[in-house]
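Here is the structure we will look at.
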């Protein structure tokens, strides 16, 4: 016997017997991201890896790494902090190179069949190239290649011609 419709209500549908329903899929491929990637990303950042190198390590596209940084804040923070640590180490090394530094070294020699280890303090002098690099980046207003007020539109300076009659110095003038 057919059932009567109740006024104002839509007919109810019975669930089919069998498997329970899953939540509807968002579509697309499942993510390769795993929680342990955060620790691995931190290690890669400390070693100075760039984002393309991180992507290569995880065998994903650079866009995927960028997406992971958006969707997983802990992954993003691990990369940021570890890259900052690496940058600080490089800055410190550049500073030491620019100002000179001293370090302890062991000199190992064989003397009369015996190994002799002698500790020495080795002094490394300041490196002018590192100094220039440091100063151009830290104080560009004072150390840029083009000084302030340099005008590219100004006419070139007047040419001066020097004629050398003789390049030898005479003993008796």
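Please treat every number below as a calculation from the coordinates, not as lab data. All values reported here derive from a predicted model rather than from experimental measurement. Counting neighbours? That spans all protein chains shown, and the Cβs are built from the backbone with ideal geometry, glycine included.
Values for this structure:
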item	result
Ranked 162, 54, 108, criterion: other C-beta atoms within 10 Å, fewest first	162, 108, 54
Mean separation of Cα contacts under 8 Å (6+ apart) over length of the stretch 32-95, as relative contact order %	44
Relative contact order for the stretch 37-145, counting Cα pairs under 8 Å that sit 6 or more residues apart, in percent	22
Mean separation of Cα contacts under 8 Å (6+ apart) over length of the stretch 100-147, as relative contact order %	31
Whether the stretch 22-161 is rounded, prolate or oblate, judged on the alpha carbon gyration tensor where a/c under 1.5 counts as rounded	oblate
Base-10 log of normalised Debye intensity for the stretch 32-95 (one unit scatterer per alpha-carbon) at q = 0.13, 0.14, 0.26 Å⁻¹	-0.32, -0.37, -1.08
Which of 114, 96 has the fewest Cβ neighbours within 10 Å, and the rest in rising order	114, 96
Gain in span if fully extended, residue 138 to residue 112, counting 0.36 nm per residue against the direct Cα distance	4.1 nm
